[in-house]
Amino acid sequence: MKLVLYYLILLGSSYVISTYGPHQRAQMTGDILLGGLFPIHFGVSSKDQDLAARPESTQCVRFNFRGFRWLQAMIFAIDEINNSSTLLPNITLGYRIFDTCNTVSKALEATLSFVAQNKIDSLNLDEFCNCTDHIPATIAVVGAAGSAVSTAVANLLGLFYIPQISYASSSRLLSNKNQYKSFMRTIPTDEYQATAMADIIEHFEWNWVIAVASDDDYGRPGIEKFEKEMEERDICIHLNELISQYFEDYEIQALTDRIENSTAKVIVVFASGPDIEPLIKEMVRRNITDRIWLASEAWAGSSLIAKPEYLDVVAGTIGFALKAGRIPGFREFLQQVQPKKDSHNEFVREFWEETFNCYLEDSQRLQESDSTSFRPLCTGEEDITSVETPYLDYTHLRISYNVYVAVYSIAQALQDILTCTPGHGLFANNSCADIKKMEAWQVLKQLRHLNYTNSMGEKMHFDENADLAANYTIINWHRSAEDGSVVFEEVGYYNMHAKRGAKLFIDKMKILWNGYSSEVPFSNCSEDCEPGTRKGIIDSMPTCCFECTECSDGEYSNHRDASVCTKCPNNSWSNGNHTFCFLKEIEFLSWTEPFGIALAICAVVGVVLTAFAMAVFVRFRNTPIVKATNRELSYALLFSLICCFSSSLVFIGEPQDWTCRLRQPAFGISFVLCISCILVKTNRVLLVFEAKIPTSLHRKWWGLNLQFLLVFLCTFVQVMICVVWLYNAPPSSYRNHDIDEIIFITCNEGSVMALGFLIGYTCLLAAICFFFAFKSRKLPENFTEAKFITFSMLIFFIVWISFIPAYFSTYGKFVSAVEVIAILASSFGMLACIFFNKVYIILFKPSRNTIEEVRCSTAAHAFKVAAKATLKHSTASRKKSNSIGGSSASTPSSSISLKTNGNDCDPTSGKHKPRVSFGSGTVTLSLSFEESRRSSLM
């Protein structure tokens, strides 16, 4: 029973080997067999299978010269290894290479052949048959090219742990070792390519692009990673489209319509050459030539697209190419290919026919051809160097070099197994694999630990994701001046292992945009904002679409396309165009500006005039007027006025902490001292004149000591207010940055309440003084000039009532100016009203500065008081008599008139005769005062 079972398996397996799998292949026997998967054709013919008969295998179409060159690179590497005396001596490598036709179905068909052969070997049927034509198991596979194809192959090979090394599949999904256990590659992953593309777009300051990706496992993951990178850089993708070589015409036309109508000028493409070709053809047909293409490595050097007839559309393409390698002797090997010599390679015949556009004898295609596609016969000995095909384009070996590296990596892993020392192996108990009986999983293990230096001196090792480290070369598609063909000009590189910011290098001078221009194209949703403006958001539009908004005052932007405006420092302000900041002008009430000079001059004039008045009073201190005005208090009053004028000078100049702490107390104390002197003097005179008989008690009570004590007490209250203020909240210098273009240096008063108390107390004393002055306004003018004191207090009130709203409504240096004006105005008012009249009389009217004048004015005032009293008494008596005599009694009217003139006061006689008339009579009163009495009043 067991024997029958093995026989059936052998029979079935033999049938699979003989009938299953592509018929066209390149094959050579050897001790160890390597598999190969290459896109010898770009695709398969589209044929509907109605299943009316047995389905036929689809036919591959459109020969791929570059794919055939990649196959030749594998054969060349194997031949080179077989001829080497150091690498795998006495061991011959064989190969079985199939055409994937760039499709998953054809690739899986070939892969099943590899798997089936390995399954037969695992059954160990040698004891049941003598298999002389036995084909050894495939221990590794080189391929495939496209990521979508490699994904399908990797899923199948991974089940049997057959190592697969791809030379062109860059999808980042293949780095998942949990899903693709045996997949490896010699090409960088798209993880880096997507980042590199985003870096290029950022480098050229584009923010509005179109993304096109193939609808497979290569394009979708690549564009997904690209989208994330663009989001991190705030770059927008206007269109995100999928494409395939199998799209219908209407789908291609609809996609082209969307691209043509888009304002984005840069098209990023993650696709292979066959997938993108239908779109390029349609754009060539429509003559859409104003687009810049950013090509992934899958089509950056594709011979399908890099054709002269497409250059009007694709010229200027920026593409990513793998680092070029050097394969010594490969050029000669490519040139030696001939159908008669390479019988083991069935693809050579088709290559020859496509190269020379002919048919070889006994060609199956000759029998299938019709008259419309007639080709001449080939001899098979034509000169391959006489024609130009992508097959002989060995100037930049990129994918071919990756194939070469893949084969040598497998050979080096086999060499490590061959030279393994027992006890130092990678397998259980540090054992080594047997090169003659090894299995595919053992080769996979050895490949994962591979670390060697190739013949070019490059270190080769696979990382944790089984990827081989590599870098990109950036190429630009130029038009050849000689024959109009495509020239791939190297314009930069991308080093994925460099530091951020140093990975990308592009020589802009070498780039030709659209094949002729050196100016970088514009691909932004909105025009760049000029310096002095910023990007403004537009509702319902992507962030890359914006309107340019002028920076606000105090902000600036000094470069194009600024996202935000930068706020100027506190000591700066933006210019009119908002492109830079200039230092603000610093302002304060300066000594050098005209306004400050004028105020200072007024203050100095006030000091001088006050000092002059004091000098006059001192010089004429024994004259009656000076004595009559209480000269000691007058001296104190004049001194306080000097202090008032001087305190205004502290408000001028750059405010410092000490000046801020000094000026308000100096002003407040000076004014309180001044008003206190006026208050005491005015009240004293009022009390003396209103007293019926000035007694010794009045003289004692209003002596000089008590007068100065009252002045001191009134001033002391103001001093205490200032002390409390300076202790709790002292004023300080303050720079006010709130005003545009100007920094005002002012004083921060510390406490507005304290300032209110200071001014309020001063106004309170002024109000009391005004009350007393008003009551004494009719006293002898030459004695106290109470009317002028009343006027001075009115001026004081008008000034300081106006000061309060002016103080709080102004700012900057004008705050100090308002207060200086208030101080000067009130000081000049008191000086002029109280002292100018006296100084005028002393200096220019000395005749009025005599004892007789004082007596006359005093007597007149006394007589007026007596007359009023008499009149009041007489009126009261008549009212009483009238009430007794009855209401019928008649009372004659009488008139009272007071007449005085200069002749009634004779200064020479010393007699004063005021006259009072009652009706028709005249009464003459003679008043006499002792000298001692007058002296006491003075």
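The values are calculated or read from the model by the stated rules, or taken from the named source; none is laboratory data. Note that this is a predicted model, so its numbers are computed, not measured. Cβ: placed from backbone, ideal geometry, glycine included. Neighbour counts: every protein chain shown. For accessibility, only protein heavy atoms count, side chains too; no ligands or nucleic acids. Shrake-Rupley method; radii C 1.70, N 1.55, O 1.52, S 1.80 Å.
Consider the stretch 303-319 and keep the residues that are surrounded by fewer than 24 Cβ atoms within 10 Å (Cβ to Cβ) and among the hydroxyl-bearing types (Ser, Thr, Tyr). The one that is nearest to ARG69 (Cα to Cα) is SER303. Restricting attention to the stretch 160-179, the residues that are over 24 Å from HIS41 (Cβ atoms), open to solvent by 10 Å² or more (accessible area, probe 1.4 Å) and either in contact with a helix residue (DSSP H, G or I) (Cβ under 8 Å, 6 or more places away or on another chain) or of a type in the set (S, T, N, Q) (or both) add up to 8.
Could you go through the stretch 320-333 and let me know if any residue there is surrounded by 22 or more Cβ atoms within 10 Å (Cβ to Cβ) and over 42 Å from the mean Cα position of the chain (by Cα).
Within the stretch 320-333, none of the residues are surrounded by 22 or more Cβ atoms within 10 Å (Cβ to Cβ) and over 42 Å from the mean Cα position of the chain (by Cα).
Looking only at the stretch 144-179, residues that are within 18 Å of GLY219 (Cα to Cα), over 42 Å from the mean Cα position of the chain (by Cα) and not hydrophobic (A, V, I, L, M, F, W, C) come to 5 in all.
The set of residues from the stretch 507-528 being over 26 Å from the mean Cα position of the chain (by Cα) and either open to solvent by 30 Å² or more (accessible area, probe 1.4 Å) or modelled with pLDDT of 85 or more (or both) comprises ASP507, LYS508, MET509, LYS510, ILE511, LEU512, TRP513, ASN514, TYR516, SER517, SER518, GLU519. If you go through the stretch 342-370 and keep only what is surrounded by fewer than 17 Cβ atoms within 10 Å (Cβ to Cβ) and at pLDDT below 85, you end up with SER343, GLU361, ASP362, GLN364, ARG365, LEU366, GLN367, GLU368, SER369, ASP370. Of ALA140, ALA145, ALA116, ALA110, all but one fail to be under 26 Å from ARG448 (Cα atoms), modelled with pLDDT under 95 and outside any helix (DSSP H, G or I); the exception is ALA145.
Do we find that ILE288 is hydrophobic (A, V, I, L, M, F, W, C), in a loop (DSSP other than H, G, I, E, B) and at pLDDT below 95 in this structure? Spelling it out, ILE288 is indeed hydrophobic (A, V, I, L, M, F, W, C), in a loop (DSSP other than H, G, I, E, B) and at pLDDT below 95. Given the criteria open to solvent by 40 Å² or more (accessible area, probe 1.4 Å), modelled with pLDDT under 85 and closer than 23 Å to HIS203 by Cβ, does SER540 qualify? Spelling it out, it is not the case that SER540 is open to solvent by 40 Å² or more (accessible area, probe 1.4 Å), modelled with pLDDT under 85 and closer than 23 Å to HIS203 by Cβ. If the condition is being over 29 Å from ARG631 (Cα atoms), hydroxyl-bearing (Ser, Thr, Tyr) and part of a helix (DSSP H, G or I), then the stretch 800-840 contributes SER802, TYR807, SER809, SER816.
If you check LEU447, LEU418 for being assigned by the TED database to the domain that holds PHE183, in contact (Cβ under 8 Å) with a residue 12 or more places away in the chain and either out of contact with any strand residue (DSSP E or B) (no Cβ under 9 Å at 6 or more places or on another chain) or surrounded by fewer than 19 Cβ atoms within 10 Å (Cβ to Cβ) (or both), only one passes: LEU418.
Pairing each residue of the stretch 745-764 that is open to solvent by less than 40 Å² (accessible area, probe 1.4 Å) with any residue that is among the hydrophobic types (A, V, I, L, M, F, W, C) and at pLDDT 80 or above, provided the two are 6+ apart or on different chains, yields C-beta distances under 6 Å for CYS747/CYS660; GLU749/LEU755; SER751/ALA729; ALA754/TRP725; LEU758/ILE721; THR762/PHE671; THR762/VAL672.
Do you know which residues across the stretch 180-192 are closer than 12 Å to TYR218 by Cα and either open to solvent by less than 20 Å² (accessible area, probe 1.4 Å) or not in a helix (DSSP H, G or I) (or both)? Result: THR189, ASP190.
Among residues of the stretch 612-647 being farther than 21 Å from VAL672 by Cβ and among the small types (Gly, Ala, Ser), the one that is modelled with the lowest pLDDT is ALA628. Residues of the stretch 559-618 that are aliphatic (A, V, I, L, M), open to solvent by 70 Å² or more (accessible area, probe 1.4 Å) and within 30 Å of LYS535 (Cα to Cα): VAL564, LEU583. Evaluation of LYS459 against the conditions (1) open to solvent by 30 Å² or more (accessible area, probe 1.4 Å); (2) out of contact with any strand residue (DSSP E or B) (no Cβ under 6 Å at 6 or more places or on another chain) shows that the sole unmet condition is (2).
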